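To start, the structure under review is shown below, and the notes come after it.
The values are calculated or read from the model by the stated rules, or taken from the named source; none is laboratory data. Here the structure is a predicted model, which means the values were calculated and not measured. A quick note on method: Cβ atoms are made from the backbone with ideal geometry, for glycine too, and the neighbour counts reach across all protein chains shown. All accessible areas refer to the heavy atoms of the entire protein, side chains included, with ligands and DNA or RNA removed. Shrake-Rupley method; radii C 1.70, N 1.55, O 1.52, S 1.80 Å.
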Amino acid sequence: MSRRNRRIAAASLSVLAVAGLAACSSGTGGNADGPATISLWTHAGGNDAELDVVNGIVEDFNASQDQYVVEVQDFPQDAYNDAVVAAASSNNLPCIVDVDGPNVANWAWAGYIQPMGLPEDTFEGQLEGTLGRVDGEVYAYGYFDVALAMYSRQSILDDAGVRVPTLEEPWTKDEFMDALAKIDGLEQYDYALDMGTGGTGEWISYGYSPQLQSFGGDLVDRSDFQSAEGALNGPEALEWAQWFRGLVDDGYMAQTSGEDSTADFVNGKSGLLFTGNWADTTVKDAFDDAVVLPPPDLGTGPKIGAGSWQWALAEGCEEADGAREYLEFAHDTKYFVEYGNAVGLIPATLDAAAEIPAYAEGGENRIYLEMADQFAVVRPETPAYPFISSVFQKAASDILAGGDPRSILDKAVADIDRDIQQNGGYTS
Amino acid sequence: MTTMSTLSTTPAATTRAPGGKTNGTRRRSVLVTVLRSVLVVFFAFPILFMLVSSLKPDLQIFADLGSWRAFLPVGDVSLDNYIGVFDRVPFGQFILNSIVISGVTVALGILVNSMAAFALARLRWRGRGVVLSLILATLIVPFETLALPLLWWVNKLPSLEADGFSLAFKQGWLDTYQVQIIPFVANAFSVYLFYQYFDSIPRELDEAARMDGAGWFAIYRKVVMPLSGPAIATVAILTFLPAWNSYLWPLMVVQSEELRPVMIGLQYFFQMNISWGQVMAYSSLITIPVVALFLAFQRSFINSIASSGVKG
């Protein structure tokens, strides 16, 4: 390099350095006069219908005022929780997050989210399962819920000679077992029932713990959430476990079903499908005589899970007032209707349901709303839930695999109680 | 190198002389061929299933399971799933990101690890045995145990950020390309592979080069590296594969969609109703670069692995 070129290079570097320093000194104040940015994270990446609604609400909010600008960052659902946990570990949480219902208490306990601070009457007319409450305070609200249901075909039930259960008169346990025996007797299906036993993760807790509750058991003693003793290993829980495994022993259900139980049902591999109402469209598109059935009453009434994705205010948000303003703005019937139309799931308020034909009185999907209203049991609202759920998932899998129900449930209770104890009862 | 080529050519020489085969040799040859065919089927069928399923609607994929139709492009075959993939995710952006991240990681990895290995294998200095042992000891620490401390660390590092025509310092490397590259450049296994290979190159070559006035860097660049093609190819593939398949780390450190690699993109398809056809189409698309790289380097890769194995 010639001396002249060296001089030019040195001068250029000096200019760059000065520019850099200047940018450094003005970096933090650059936005002082403009609107403050509120970051919002959603799990809707890859789900264009839901993401479009989120973006629409954000656009409306940004246009409605000039103090704040909400910026959306979407993540794919299966990667979302890990991304939030990693962000919390590095103090990089955004201002607004969406959170899966059963995780609300845990995220509140872990310091990821804070009470929403909106007036209680904001949530009037909202399905309780779509509110994330901790110690009575609302930490999160959701736009929709999902419901567990059974699907079959009128022709199958007619051939088997069983009645169609209704919300008012669901199948009793004996009727349910009789229906399985008769459908099995048709000898047209690999299995009479498909409960998605090949599923993993939260599906196991979401799908099967309501059956445990219908028998009279539970995942944990809800009086103080300090122990699972008696709830998860009492006589009712034992009865559930024996019944659950019995479905496999009797040949009514596969120990491990296919990867997609809805596809298998539509392809004629089972006569009765137990899943969530996300399967509604697929089943109804496939069969003109598809019927939606409430889950059976296994002792204490039919039960289904509750609590889907909800919106919350993250801890440490520097623009908490703006984030609250957004959350209040977004809690509008108009957006509940848009969500309901886009995702096809149960709208979280009765007002919104009234504006969606399928969910209005007499609508073809009204049954899901009624079930969510009448049969829903929120998964235990305790910070211990993620651990309890993981223990239950293992216990249910072991029971399905033919293990001794009593020892499996006793061990599950011991594991849960130890975790609660080791975490000081999750009280702080 | 001599041992290696002897090993790799001996079986070929045997099978190329059918006229001279005895009955026993012929039977053994048939048996080996059958065994190889079974292995090919065993390893190729999942890939075939993926490719074929990527052309079918979801319901048909499950209807065909359990029969040979699952491996044949029959029924309602179309490219709809591929169109769906491009509609659903910014595929071009994801694959470009992965190519940049994997490519730069491989290039820097070859440079850094080969230089470290050169210092350990060819230079004489006190404590190099201990240093080599320490480097190898890091192999037993799984990445998952380092992930959180590493996250904390990269979040504290300063970085320069372009802001129009000026540069600004920013704290933290999160949500950048470099956070997906730099932590994976230095790699103990790569150092070991290079070390083993360099150690087998005659030292007389160094001495001859020094006689000609070459320094250590010239010996590294002009003597040792040109002789280390198989080792470079192996390190390139072994660095590329985990970089390409990286999931946990980008999940933790990348928030912006425009910086996400292909493996995170796969998660976009796992919604309440999973579109298995699109999953298969996306998986097929992201497998192509890996297969292409392997085909390009397979001779060197196999030679180097065989060589490492023989030297144990």
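Going residue by residue through segment B:206-213, is there one that turns out to be in contact (Cβ under 8 Å) with a residue 24 or more places away in the chain and surrounded by fewer than 20 Cβ atoms within 10 Å (Cβ to Cβ)?
Yes, segment B:206-213 has at least one match.
Does B:ILE99 fit the bill of being open to solvent by 60 Å² or more (accessible area, probe 1.4 Å), in contact (Cβ under 8 Å) with a residue 40 or more places away in the chain and either out of contact with any Phe, Trp or Tyr (no Cβ under 7 Å at 6 or more places or on another chain) or not in a loop (DSSP other than H, G, I, E, B) (or both)?
Answer is yes for this residue.
For segment B:177-224, which positions are of a type outside the set (A, V, I, L, M, F, W, C), farther than 30 Å from B:PHE94 by Cβ and part of a helix (DSSP H, G or I)?
Correct list: B:TYR192, B:TYR195, B:GLN196, B:TYR197, B:ASP199, B:GLU204, B:ASP206, B:GLU207, B:ARG210, B:TYR220, B:ARG221, B:LYS222.
Looking at segment A:150-162, is at least one residue assigned to a strand (DSSP E or B) and closer than 29 Å to A:GLY125 by Cα?
Yes, segment A:150-162 contains at least one residue that is assigned to a strand (DSSP E or B) and closer than 29 Å to A:GLY125 by Cα.
Considering only residues that are among the hydrophobic types (A, V, I, L, M, F, W, C), open to solvent by 80 Å² or more (accessible area, probe 1.4 Å) and within 14 Å of chain A (Cβ to nearest Cβ), look in segment B:127-161 and name the one that is nearest to B:ALA188 (Cα to Cα).
Looking at residues that are among the hydrophobic types (A, V, I, L, M, F, W, C), open to solvent by 80 Å² or more (accessible area, probe 1.4 Å) and within 14 Å of chain A (Cβ to nearest Cβ), I get B:LEU146.
Are there strands (runs of 3 or more DSSP E) fully within segment A:36-106 with at least 3 residues that are within 13 Å of chain B (Cβ to nearest Cβ) and open to solvent by 10 Å² or more (accessible area, probe 1.4 Å)? List them.
A:68-76
Please identify the pairs in which a residue from segment B:168-187 that is within 11 Å of another protein chain (Cβ to nearest Cβ) and over 17 Å from A:SER90 (Cα atoms) has its Cβ atom under 6 Å from the Cβ atom of a residue that is at pLDDT 90 or above and surrounded by fewer than 21 Cβ atoms within 10 Å (Cβ to Cβ), counting only partners at least 6 apart or on another chain.
none
Given B:PHE194, B:PHE189, which one is at negative phi and touching a Ser or Thr at 6+ places or on another chain (Cβ under 8 Å)?
B:PHE194
Grab the helices (runs of 4 or more DSSP H) fully contained in segment A:165-259, keeping just those with 2 or more residues being among the polar types (S, T, N, Q) and away from chain B (no Cβ under 14 Å).
Because the criterion is at least 2 residues that are among the polar types (S, T, N, Q) and away from chain B (no Cβ under 14 Å), the helices (runs of 4 or more DSSP H) in segment A:165-259 that meet it are A:202-215.
Select from segment A:366-378 the residues that are touching a helix residue (DSSP H, G or I) at 6+ places or on another chain (Cβ under 7 Å) and open to solvent by less than 20 Å² (accessible area, probe 1.4 Å) and list them in ascending order.
Listed by number, the residues that qualify are A:TYR368, A:LEU369, A:ALA372.
Quick one: which of A:LEU247, A:LEU298, A:LEU272 is within 25 Å of B:GLY66 (Cα to Cα), crowded, with 24+ Cβ neighbours inside 10 Å and among the hydrophobic types (A, V, I, L, M, F, W, C)?
The unique qualifying residue is A:LEU272.
Being under 14 Å from A:PHE144 (Cβ atoms), touching a residue at least 24 places away in the same chain (Cβ under 8 Å) and among the polar types (S, T, N, Q) is the filter here, so list the residues in segment A:331-388 that pass it.
A:THR349, A:ASN365 - these are the residues of segment A:331-388 that are under 14 Å from A:PHE144 (Cβ atoms), touching a residue at least 24 places away in the same chain (Cβ under 8 Å) and among the polar types (S, T, N, Q).
Can you pull out the residues in segment A:110-141 that are within 17 Å of A:PRO380 (Cβ to Cβ) and buried (at least 18 other Cβ atoms within 10 Å of the Cβ)?
Passing the criteria: A:GLY129, A:THR130, A:LEU131, A:GLY132, A:ARG133, A:VAL134, A:TYR139, A:ALA140.
Out of everything in segment B:156-174 that is of a type outside the set (Phe, Trp, Tyr) and touching a Leu at 6+ places or on another chain (Cβ under 6 Å), what residue ends up being nearest to B:ILE135 (Cα to Cα)?
The residue in question is B:LEU160.
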